[in-house]
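Down below is the structure, laid out as structure tokens.
The values are calculated or read from the model by the stated rules, or taken from the named source; none is laboratory data. Note that the structure is predicted; figures quoted are calculated from it, not measured. Counting neighbours? That spans all protein chains shown, and the Cβs are built from the backbone with ideal geometry, glycine included.
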Amino acid sequence: MKAALLALLIAPPAFAGDSSGFDPAAIDQCLEAAQTQGARADCADAGMQACLDYATARYTGDDADFPMANCLDAAHQAWEAKLTATYADAVAQLPAQPLRAAERDWIAFRAALCAVPTGDLAKARCIRDETARQTALLISMEPS
């Protein structure tokens, strides 16, 4: 299971900006404007409203949750890409071994935490939010 979770972290994302309507640049803009770790973690929702507007306008099916699921998935992929890049920067600047151990523990923590909510949308939101929080934490650890 740990290997599968680690593979998820390092797998190349299928970037949004495709048909999802999610623009990963919204994350970068939010993170650049944020001054604190907490404000950066609040960026988890960045780009979601524009994605939902786009997806809702174009989706013609009968699954009312599809636009939200689509946008949460696209946001998660974008956050995973941001986390992977931020982690690589952190490993280059900080002691790598403890950071790698902490990241492995965090992957297990996220999996356990996000298994608690019921419902696909709640789980997807949890995964996106925890990935954004971890990215914010790693950014705050970078030497200034």
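Suppose we keep only residues that are under 10 Å from Ala41 (Cβ atoms) and in contact (Cβ under 8 Å) with a residue 40 or more places away in the chain within region 128-138. Which one would you say is surrounded by the fewest Cβ atoms within 10 Å (Cβ to Cβ)?
We begin by selecting, within region 128-138, every residue under 10 Å from Ala41 (Cβ atoms); these are 129-130, 132-137.
Filter again for in contact (Cβ under 8 Å) with a residue 40 or more places away in the chain, leaving 129, 132-137.
Values: Asp129: 21, Ala132: 26, Arg133: 21, Gln134: 23, Thr135: 25, Ala136: 24, Leu137: 17.
Filtering first and then ranking leaves Leu137.
Determine which member of the set Tyr54, Tyr59 is within 18 Å of Ser20 (Cβ to Cβ), touching a helix residue (DSSP H, G or I) at 6+ places or on another chain (Cβ under 6 Å) and not hydrophobic (A, V, I, L, M, F, W, C). Please lay out each step first, then the result.
Numbers: Tyr54 fails: touching a helix residue (DSSP H, G or I) at 6+ places or on another chain (Cβ under 6 Å).
That would be Tyr59, the only listed residue that is within 18 Å of Ser20 (Cβ to Cβ), touching a helix residue (DSSP H, G or I) at 6+ places or on another chain (Cβ under 6 Å) and not hydrophobic (A, V, I, L, M, F, W, C).
I'd like to know if region 65-76 contains one or more residues that are within 14 Å of Ala26 (Cβ to Cβ), without any contact (Cβ under 8 Å) to a residue 40 or more places away in the chain and either out of contact with any Cys (no Cβ under 9 Å at 6 or more places or on another chain) or not in a helix (DSSP H, G or I) (or both).
no
Which residues, counting only those in region 111-125, are touching a Cys at 6+ places or on another chain (Cβ under 6 Å) and in a helix (DSSP H, G or I)? Let's see the steps before the verdict.
Filtering region 111-125 for residues touching a Cys at 6+ places or on another chain (Cβ under 6 Å) gives 114, 117, 123.
Scanning region 111-125 gives Cys114, Lys123.
State all residues of region 126-144 that are of a type in the set (A, V, I, L, M) and in a loop (DSSP other than H, G, I, E, B); if no residue qualifies, say none.
The first filter runs over region 126-144 and keeps only residues of a type in the set (A, V, I, L, M), leaving 127, 132, 136-139, 141.
None; the set is empty.
With part of a helix (DSSP H, G or I) and surrounded by fewer than 17 Cβ atoms within 10 Å (Cβ to Cβ) as the only criterion, which of Ala108, Ala90 stands out? Walk me through it before giving the result.
Details: Ala90 fails: surrounded by fewer than 17 Cβ atoms within 10 Å (Cβ to Cβ).
After ruling out the rest, the residue left standing is Ala108.
Taking Thr56, is it closer than 26 Å to Gln29 by Cα, surrounded by 15 or more Cβ atoms within 10 Å (Cβ to Cβ) and touching a residue at least 60 places away in the same chain (Cβ under 8 Å)? Give the steps one after another, and end with the answer.
Values: closer than 26 Å to Gln29 by Cα: yes; surrounded by 15 or more Cβ atoms within 10 Å (Cβ to Cβ): yes; touching a residue at least 60 places away in the same chain (Cβ under 8 Å): no.
For Thr56, the condition - closer than 26 Å to Gln29 by Cα, surrounded by 15 or more Cβ atoms within 10 Å (Cβ to Cβ) and touching a residue at least 60 places away in the same chain (Cβ under 8 Å) - is not met.
Just the residues that are free of Cβ contacts under 8 Å to residues at least 40 places away in the same chain and in a helix (DSSP H, G or I), please, taken from region 93-105.
Keep residues of region 93-105 that are free of Cβ contacts under 8 Å to residues at least 40 places away in the same chain, which gives 95-102, 105.
Within region 93-105, Ala96, Gln97, Pro98, Leu99, Arg100, Ala101, Ala102, Asp105 qualify.
From the list Gly38, Gly47, pick out the single residue that is of a type outside the set (A, V, I, L, M, F, W, C), over 19 Å from Ala88 (Cα atoms), modelled with pLDDT of 90 or more and in contact with a Phe, Trp or Tyr (Cβ under 6 Å, 6 or more places away or on another chain). It would help to see each step written out before you state the result.
Numbers: Gly38 fails: in contact with a Phe, Trp or Tyr (Cβ under 6 Å, 6 or more places away or on another chain).
Exactly one residue qualifies, and that residue is Gly47.
Just to be sure, is Val116 over 29 Å from Gln49 (Cα atoms) and not hydroxyl-bearing (Ser, Thr, Tyr)? Before the answer, list the steps.
On the way: over 29 Å from Gln49 (Cα atoms): no; not hydroxyl-bearing (Ser, Thr, Tyr): yes.
No: the conditions fail for Val116.
Which condition number does Val116 fail, the rest of (1) surrounded by 17 or more Cβ atoms within 10 Å (Cβ to Cβ); (2) without any contact (Cβ under 8 Å) to a residue 24 or more places away in the chain; (3) of a type in the set (Val, Ile, Thr) being met?
Failed condition: (1).
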